[in-house]
Amino acid sequence: MDITGSVALVTGANRGLGRQFAQQLLERGAAKVYATSRRPELVDVPGVEVLRVDITDPGSVAAAAATAGDVSLLVNNAGITTGANLVTGDLADVRREMDTHFYGTLGVVRAFAPVLGRNGGGGIVNVLSALSWFSTDGANAYSAAKAAAWSLTNGIRLELAAQGTQVTGVVLGAADTDMMAGYTGPMTAPADVVRTALDGLQAGDWEVLVDHWSRHVKASLAADPREFYGQPAV
């Protein structure tokens, strides 16, 4: 997909990766960028059009699709992390993760798919995670929701191919954003994540593996899971 002259909408554009997507899309020649957030007053990227969008609120999403009828590129970036586990975590937090990463993303796709179709097909970028492919104690609700989002990405790619919509999944390990506050492992700069993602979009890639960790985890899926996890504590 050619970004030059496109009209993009980015969810969760008030910080982190979303802010970088909005900024870099403009730098790459997008004609217009709708920068959306649950708190639009926090969006501070010069040159964007700001919309309030809460992806877990169908009315909010429908209003955005009605307003932004010229969109040709949709970037599904909005996300949360609750730190909930599946067995012992608060079930409300587990549901929030799924409502955001799966149902919220799906709701945005369903609202904007007809818009993209009317505008020639365009493209969708879904921001995923290496945690789509492995689990870790303290983030298992997030892992399950991101696994669902990865499957969603593959599914909508097939369903939207007939209208010419390119669907690109972006998978990364850890990025140096507010969401990763307190994490002490290696992290990729948000600007580098987005640059790699947009390069992949323009190249027509179905899936962009941003860093070593995402490539390592995906490669491990072909092996016995005990080789990746080791023996669980008992």
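The candidate values are (1) 157; (2) 110; (3) 123; the one derived from this structure for volume of the Cα convex hull per residue in Å³ carries the label (3).
Quick one: net charge of THR82's neighbours, Cβ under 9 Å, K/R +1, D/E -1? Net charge in that neighbourhood comes out at -2.
What FRET efficiency, computed as 1/(1 + (r/R0)^6) with R0 = 25 Å and r the Cβ-Cβ distance, is obtained for ARG38 and TYR229, rounded to the nearest 0.05? Don't skip to the answer; put the middle values down first.
Working: r = 35 Å, r/R0 = 1.41.
According to the calculation, E is roughly 0.10.
Which net charge results for the neighbourhood of GLY69, defined as the other residues with beta-carbon distances under 15 angstrom from its beta-carbon, given Lys and Arg at +1 and Asp and Glu at -1? Cβ neighbours under 15 Å give a net charge of 0. Protection proxy ranking of 210-223, 129-142, by the mean of other Cβ atoms within 10 Å over each peptide's residues and highest first, is 129-142, 210-223. Rounded to the nearest 10 degrees, the inclination of helix 140-160 to the longest alpha-carbon principal axis of the chain is 40 degrees. Other residues within the sphere of radius under 15 Å centred on the Cβ of LEU209, judged by their own Cβ, net out at -1 (K and R +1, D and E -1).
Heavy atoms of the protein chains alone define the surface here; on that basis the chain has 47 Å² accessible area per residue at 1.4 Å probe size.
Order ARG226, ARG39 by their accessible area, 1.4 angstrom probe, all chains in place, largest first. Don't skip to the end; give the middle numbers.
Numbers: ARG226 155, ARG39 130 Å².
Putting ARG226, ARG39 in descending order of accessible area: ARG226, ARG39.
The long axis of helix 58-67 is offset from the longest Cα principal axis of the chain by roughly 30 degrees.
Rounded to the nearest 0.05, the FRET efficiency derived from the C-beta distance between ARG215 and LEU86 at R0 = 30 Å is 0.70.
Modelled this way, with points 7 Å down the Cα-to-C-beta line, the labels at THR4 and GLU49 are 2.3 nm from one another.
Once the Cα atoms of helix 105-118 and of the chain are each reduced to a long axis, what angle between those two axes, in degrees from 0 to 90 to the nearest 10, is obtained? Around 30 degrees separate the two axes.
Summing Cβ point charges (Lys, Arg +1; Asp, Glu -1) relative to the Cα centre of the chain gives a dipole of roughly 300 debye.
Between the C-alpha center of the range 119-138 and that of the range 1-58 there is a gap of 18 Å. Multiplying the residue separation of THR136 and ALA161 by 0.36 nm and subtracting their alpha-carbon distance yields 5.6 nm.
For the range 76-91, 3J(HN,Hα) computed residue by residue from phi via the Karplus equation (6.51, -1.76, 1.60; θ = phi - 60°) reads 8, 10, 4, x, 9, 9, 9, x, 8, 8, 7, 8, 9, x, 5, 4 Hz, glycine and proline entered as x.
The values are calculated or read from the model by the stated rules, or taken from the named source; none is laboratory data. Since the structure is predicted, the reported quantities are computational estimates derived from the model, not experimental observations. Cβ coordinates were reconstructed from backbone atoms using ideal geometry, including for glycine residues, and neighbour counts include every protein chain displayed. With ligands, DNA and RNA removed, areas are computed over all heavy atoms of the protein, side chains included. Shrake-Rupley method; radii C 1.70, N 1.55, O 1.52, S 1.80 Å.
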